[in-house]
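Inspection log for the structure reproduced underneath, given as structure tokens.
The values are calculated or read from the model by the stated rules, or taken from the named source; none is laboratory data. Just so it is clear, the model here is predicted, and its values are computed rather than measured. Note that each Cβ is placed from the backbone with ideal geometry, even for glycine, and that neighbours are counted across all protein chains shown.
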Amino acid sequence: MSENGRVVMKKGEIVFSGVCVAFFGFMLFETLDLLGQGRPGEVGSGLWPFMALSVSLVLSLLMLIASVKKYRAAAREGTPELPVEAIAEKRRQRTTVTLSIVTFLAYILVMPWIGFILATLIYILAFALALGERRRWVLAVSPFLVTAVIVGVFAKFITIPFPKGIGVFAEFSRLFY
Amino acid sequence: MIDHYLQAFATVLLPQNLLAMVLGSLWGLLAGALPGISTSMGVVLLLSFTYSLSPMTAFVLLIGAYLGGITGGSITSILFGIPGEPSSVPTVIEGHAIAKQGRPAYALWVYLLCSIYGGTFSVVFMIVATPLIASFALRFGPAEYFALTVLGLSVVSGLSGGSMLKGFISCFLGLFLATIGTDGITGEERYTFDTVTLLGGINFVVAMVGLLAVSEIFVEAEEPFKEYKGGVEYRGMLSEFPPFSLFKKYLLTMIRSPIIGTIVGALPGAGATIAAFLAYGEAARTAKHEPEKFGKGAVEGLMAAECANNASTGGSMTILLSLGIPGSNTTAMMIAAFMIHGMQPGPLLLTQRPDIVYGIFASMLLTNLLLLGLTILAIRMFLELNRMPYSIFSAAIMILCVIGAYGLNNSMDDVMLMFAFSLLGYAMRKFDIPVAPCILALVLGDMAELSLRRALLLAGGSPVGLVSSPISVVLLAGALFSILYPMFKKPKMLQGL
């Protein structure tokens, strides 16, 4: 990884460690309510999570300190300018991942509204485009082929009751399963 | 006992089980052979579809995928020089070098025969060792079980690669996640935030699919569009069958490597990759015939690695069946499969469900034999599948993940939960936090907590009860050693501080 990339990564690690500290801290706070509950002579519901979260909090604090130290050391060493191609590549990678996550989330969110078949069809196309697929025959044929196989196996053969969608989309889905 | 075996073979040979064996093995070979899909991903994708199957059919299917995945990882390693699995790296070094010398069929035969031999060797070990270990483990009480889970989790966290600190964060995160839901003893709701989805706890399968499979696709998406080119020309397997004298020549390696593989496989957190590297290193260190060939196409190196990585499967399954402790992601999924079908792996399983335990023995033996023929027939098919557009293939995997999570309860809430785990898995991978300890802790967390609480209850609340038996003392000392040894050997825990 490049120097610049390493510094950016360290920044990200600090943020991630900070999120871990906040998360475990909040959950530990929530655990306080559970401590002391339970019948006499019985080990309550809070002991085990309290132990797990306390250790997690300490470990994530250590990770945060380590990340800050690493970041400072990397910043002290300086960050040479990255070549334009490397910056473009990094940006492309981020865009691809973001798009693949967003398309996946959109797929899950719209499925109950437009039904499994249409959502899957659109998702395959969108995901392939997000990953950089540009071959027209692949984009034209594959979504239909994959959707047909999946609907045939899982909706017709295994009879999983996939979401059908609402209104006209439900009517469309009922044509197939 | 003979009755159990006869019945087990008769059950496994039923048409539906044979079909499950073939399909599982093919799926495993495919998952292993295709870079970007790991064996554990292959198994977890199948796991969600085993709910509707009978327990035996489900295990036959999953074992096929497990053994197929470990075996299939070497196909692309030899022909393309790309390891399908991390455990196939030594195979890339030696196997691909042999293939590039114009002998791909020879390398494939050696790999295949050694894989099957290693796998079968470890199954025989498993058949002998499981009842012995299980009968010993019958003496275990809650304190011993707690110590055993602590040992398993500490070894996995310490050996999971990279920083120990991150390994333990992952482990404790998993332990915490396992507490979400209704407390099995007091009925108290924990961290449900008044949502119905979390009331029953986090489903392992949903978490595993998100953490392992979907997050892996997100990570893979960062890489440039893949097209595997530059492989050696494959003309079929009809030529270059290795002579028997070859295996006689390297007899010591053929004996030592599966033993290494089986023992390493039995250690929590070790598994096929460490087994393959250890056996390969040992073969290189003690090579008597053509040691100069190591790194340039040494058939002995290929034999050692392949015998060992397949032998690790029997070792892992021995510990799983006899003690209920998973040694790897894949065997953690087997625990999930047991739980799906209302069983708990461990010493009691052999007496409560001998049909399942002996059935697993039988199906592992038969799957190893089946893989010999199936791999030969399927190599050309996998080479064709490698040309399939990666974008479409990964989209299909994502859809299978959604179907897997949705199919559990026919609920979109599970799918959303899986998505949340996929983001967590992606972040963990990006910041080099190993996912394996989290998964194992999620699976074992419940058992660890219940054992601890029962042990404390029996001891009247005194923690001394946890160390009152020699077995638990030895196990806890082992856990302490597994934490302290890497720290003193290489102070990774304090790296960067």
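Identify the single condition in (1) crowded, with 22+ Cβ neighbours inside 10 Å; (2) modelled with pLDDT of 90 or more; (3) more than 9 Å from chain A (Cβ to nearest Cβ) that residue B:443 does not satisfy, given that it satisfies every other one.
In the conditions (1) crowded, with 22+ Cβ neighbours inside 10 Å; (2) modelled with pLDDT of 90 or more; (3) more than 9 Å from chain A (Cβ to nearest Cβ), residue B:443 misses (2) alone.
From the list B:292, B:233, which one is among the acidic types (Asp, Glu), away from chain A (no Cβ under 14 Å) and part of a loop (DSSP other than H, G, I, E, B)? Write out each step before concluding.
Values: B:292 fails: part of a loop (DSSP other than H, G, I, E, B).
The match here is B:233.
Cβ-Cβ under 8 Å, sequence separation 6+ or interchain: first residue in segment B:191-209 and in contact (Cβ under 8 Å) with a residue 24 or more places away in the chain and on the phi < 0 side of the Ramachandran plot, partner small (Gly, Ala, Ser) and in a loop (DSSP other than H, G, I, E, B). Which pairs?
Listed pairs, sorted by first residue: B:197/B:411; B:202/B:178; B:205/B:48; B:209/B:48.
For every residue, the table says whether it meets (1) within 14 Å of chain A (Cβ to nearest Cβ); (2) touching a residue at least 12 places away in the same chain (Cβ under 8 Å); (3) among the basic types (Lys, Arg).
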position	(1), (2), (3)
B:175	yes, yes, no
B:179	yes, yes, no
B:189	yes, no, no
B:213	yes, yes, no
B:262	no, yes, no
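Going by the conditions given, is residue A:142 part of a helix (DSSP H, G or I), out of contact with any Asp or Glu (no Cβ under 8 Å at 6 or more places or on another chain), at the interface with another protein chain (Cβ under 8 Å from one of its Cβ atoms) and of a type in the set (Gly, Ala, Ser)? Reasoning before the result, please.
On the way: part of a helix (DSSP H, G or I): yes; out of contact with any Asp or Glu (no Cβ under 8 Å at 6 or more places or on another chain): yes; at the interface with another protein chain (Cβ under 8 Å from one of its Cβ atoms): yes; of a type in the set (Gly, Ala, Ser): yes.
In short, yes.
For the condition out of contact with any helix residue (DSSP H, G or I) (no Cβ under 7 Å at 6 or more places or on another chain), modelled with pLDDT of 95 or more and crowded, with 17+ Cβ neighbours inside 10 Å, what is the one hit in A:122, A:108? Give the steps one after another, and end with the answer.
Working: A:108 fails: out of contact with any helix residue (DSSP H, G or I) (no Cβ under 7 Å at 6 or more places or on another chain).
Being out of contact with any helix residue (DSSP H, G or I) (no Cβ under 7 Å at 6 or more places or on another chain), modelled with pLDDT of 95 or more and crowded, with 17+ Cβ neighbours inside 10 Å holds for just one of A:122, A:108, which is A:122.
Is it the case, given these coordinates, that residue B:419 is modelled with pLDDT of 95 or more and within 24 Å of the chain's Cα centre (by Cα)?
On the way: modelled with pLDDT of 95 or more: yes; within 24 Å of the chain's Cα centre (by Cα): yes.
In short, yes.
How about segment B:377-408: which of its residues are small (Gly, Ala, Ser) and either within 8 Å of chain A (Cβ to nearest Cβ) or over 23 Å from the mean Cα position of the chain (by Cα) (or both)? Lay out the reasoning, then the answer.
First, pick out the residues of segment B:377-408 that are small (Gly, Ala, Ser): B:378, B:391, B:394-396, B:404-405, B:407.
The answer is B:391, B:394, B:395, B:396, B:407.
Give the residue, chosen from A:67, A:60, that is assigned to a helix (DSSP H, G or I), closer than 30 Å to residue B:413 by Cβ, at the interface with chain B (Cβ under 10 Å from one of its Cβ atoms) and touching a residue at least 24 places away in the same chain (Cβ under 8 Å). First the steps, then the outcome.
Working: A:67 fails: closer than 30 Å to residue B:413 by Cβ.
Result: A:60 is the single residue among A:67, A:60 that is assigned to a helix (DSSP H, G or I), closer than 30 Å to residue B:413 by Cβ, at the interface with chain B (Cβ under 10 Å from one of its Cβ atoms) and touching a residue at least 24 places away in the same chain (Cβ under 8 Å).
Given the options B:399, B:360, B:356, B:392, name the one that is crowded, with 17+ Cβ neighbours inside 10 Å, touching a Phe, Trp or Tyr at 6+ places or on another chain (Cβ under 6 Å), aliphatic (A, V, I, L, M) and at pLDDT 85 or above. Steps first, please.
Working: B:399 fails: touching a Phe, Trp or Tyr at 6+ places or on another chain (Cβ under 6 Å); B:356 fails: touching a Phe, Trp or Tyr at 6+ places or on another chain (Cβ under 6 Å); B:392 fails: touching a Phe, Trp or Tyr at 6+ places or on another chain (Cβ under 6 Å).
Within the list B:399, B:360, B:356, B:392, the selection yields B:360.
When you look at residue B:369, is it more than 10 Å from chain A (Cβ to nearest Cβ), crowded, with 19+ Cβ neighbours inside 10 Å and at pLDDT 90 or above, yes or no?
Working: more than 10 Å from chain A (Cβ to nearest Cβ): yes; crowded, with 19+ Cβ neighbours inside 10 Å: no; at pLDDT 90 or above: yes.
In short, no.
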